[in-house]
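Encoded as structure tokens, the structure appears first; notes follow it.
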Amino acid sequence: MISKKQNYPQIKIIHVILIVFSFTACKSLNQKSTDLAGLKNVSEFPIGTAININKLINDEALMALQISNFNSITATSDMKMREILPAENQFNWKKADTILYYANKHKQRLFGHNLIWHSSTPKWVEEKGAKDNVWLGEFMKEYIHKYVGRYKGKVAGWDVVNEAFESKGSEYRKTFWYNNLGKEYIANAFRYAHEADPAAVLFYNDFNIERDTTKLDAVLKMVEEFKKEGVPIHGIGFQMHIRMDTPDEVIAYSLKKAAETGLQIHLSEVDIIFNTHNDERSGGIENYSSLTNEMKQAQAEKYKNLVLMYRSIVPKKQQFGITLWDFTDRDSWIKGFFNMKDWPTIYDDDLKPKPAYFGFLEGLKVKIEKE
Ligand code: G3I
């Protein structure tokens, strides 16, 4: 869904990438003994991953890789409303507290995902809120105050609202929250989170904004409105669930436009697939059913270029970090959700580093001459 209307300005980054690429194109991105020092140890900004805490702490091999590579942690699902408040007045803090303990023990930043998302709203909230919008407005305020307040000073930032726009284009998504509270629910969620923890970095998080410039423009318009109204929004989360055919120049253009807001930029859920889909559950379109060495090398270059673009386009003071969503092909959400084969991450099914790992690492290590 790339808008035809815009010609993408020649971004200097593309020249940087082409220069770097020309030096390394022939060199395949595979392991060198010095390369397993861990991604976080060669990065100027936090490198994170999303995890399922019970899976992580019960898998020593996975945990070893997570500890050696990452200094930021996000819950794939454990910190969503459906897990925190599965029934009325029954707060369930166990998983979130376990994640906090793990993050502190391994000196990792904890990032809160997420406060308000239509896909993780418990049924009981939907049933009660649909009957009584006044109750719903109050509920949202109390929930955010209580949750963010409990982790005040312990959760570095939050995805306050996730995916409030349609998958494609510029429309607000007509979700339970939008339909019952109007679009003001978004600004209010940010206000409540800021009241509960003024130091927390508050993000709006969405997908396809790195490749659908109409959707990106709509998000940036909301951001500008919030800035004018004094709504406490501090960051934009690009989920960055991209495909091998997502053009680098569109990603570069999107990062440039978002960085111009002056907000923190978080690549919050990175993975890179070979196949494609229609953004819906079981909507996978499987063009590739096996992974070749050539595909592995191409994915490594894509990861390297993504990291290079982030480093070159987003000013250092706005680099909140890059977070991978799951970090092994074995555990990636993609295959189950879209019902298709794919190999989206930096470690394979056997938890061995792929060329993509070394591409990501290379992207962190390459010296960038800033203008
Ligand atoms: O924990 C329960 C388990 O007790 C139960 O036996 C099992 C079977 O019903 O379900 C388990 O919960 C699942 C949860 O993941 C933990 O694994 C939920 O059913 C399942 O819906 C949930 O899926 C998550 C999905 O968000 C919905 O919350 C995925 O893991 C997670 O990767 C995905 O992440 C989203 C981001 O939040 C937003 N951006 C897109 C991204 C991918 O869809």
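What follows is calculated from the coordinates using simple rules that are stated; it is not laboratory data. Remember, it's a predicted structure, so these values are computed and weren't measured experimentally. Heads up, the Cβs are rebuilt from the backbone with ideal geometry, glycines too, and the neighbour counts pull from every protein chain shown.
Can you tell me the 0 to 90 degree angle between the C-alpha axis of helix 60-69 and the longest principal axis of the chain, rounded to 10? Helix 60-69 and the main axis of the chain meet at about 80 degrees.
For the chain, the relative contact order comes to 18 percent (Cα pairs under 8 Å, sequence separation of at least 6). Cβ crowding within 10 Å ranks THR213, THR292 as THR292, THR213, fewest other Cβ atoms first.
Determine the alpha carbon to alpha carbon distance for each of LYS221/LYS304; LYS296/LYS335; LYS152/LYS228; LYS107/LYS354 and list only those over 19 Å. Checking Cα-Cα distances, LYS221/LYS304; LYS152/LYS228; LYS107/LYS354 exceed 19 Å. Fewest-first ordering of PHE70, PHE358 by other beta carbons within 10 Å of each residue's beta carbon gives PHE358, PHE70.
Normalising the average separation of contacting C-alpha pairs (under 8 angstrom, six or more residues apart) by the number of residues puts the relative contact order of region 84-151 at 24 percent. Considering only ILE368, PRO247, LEU291, the residue lying farthest towards the positive end of the dipole of the chain is ILE368, judged by Cα position with unit charges set on Cβ. The 3J(HN,Hα) values that the Karplus relation (6.51, -1.76, 1.60; θ = phi - 60°) gives for region 303-313 are, in residue order, 5, 4, 5, 4, 5, 4, 5, 4, 5, 8, 9 Hz. Gly and Pro appear as x.
For a label point 7 Å from the Cα of ASP217 along Cα→C-beta, name the residues of region 164-180 whose backbone N is under 12 Å from it. Label zone hits: 169-171. Each of LYS154 and LYS107 was given a label point 7 Å from its Cα along the Cα-to-Cβ line. The distance between the two points is 2.1 nm. Of all aspartates and glutamates in the structure, the ones whose alpha carbon falls short of 18 Å from that of LYS94, not counting any fewer than 8 places away in one chain, are ASP78, GLU83.
Between ASN58 and LYS316, full extension at 0.36 nm per residue minus the direct alpha carbon distance yields a gain of 89.3 nm. A simple charge model with +1 on the Cβ of Lys and Arg, -1 on the Cβ of Asp and Glu and nothing else charged puts the dipole of the chain at about 740 debye relative to its Cα centre. Net length available on complete extension from THR292 to LYS365 is 23.7 nm, with 0.36 nm assigned per residue and the Cα-Cα distance removed.
Helix 184-196 and the longest principal axis of the C-alpha atoms of the chain enclose an angle of approximately 90°. Considering only VAL134, ILE47, LEU85, the residue lying farthest towards the positive end of the dipole of region 11-370 is ILE47, judged by Cα position with unit charges set on Cβ. Near the amide H of ILE273, within less than 5 Å, lie the amide hydrogens of ILE242, ARG243, MET244, all on another chain or at least 5 residues away, with H placed in the peptide plane.
For the pair LYS352 and ALA130, a Förster radius of 45 Å applied to the C-beta separation gives a FRET efficiency near 0.40, rounded to the nearest 0.05. Counted over the chain, the DSSP beta bridges are approximately 10% antiparallel.
Legend: ranking of residues LYS257, LYS354, LYS168 from fewest to most surrounding C-beta atoms inside 10 Å; resulting order LYS168, LYS257, LYS354. For the listed residue pairs LYS105/LYS316; LYS131/LYS183; LYS215/LYS256; LYS95/LYS154, the alpha carbons are over 24 angstrom apart in LYS105/LYS316. Any chance you could give the angle, 0 to 90 degrees and rounded to 10, that helix 12-24 forms with the longest Cα principal axis of the chain? Once rounded, the angle reads 40 degrees. Taking the centroid of alpha carbons for each part, region 161-201 and region 353-370 are 35 Å apart.
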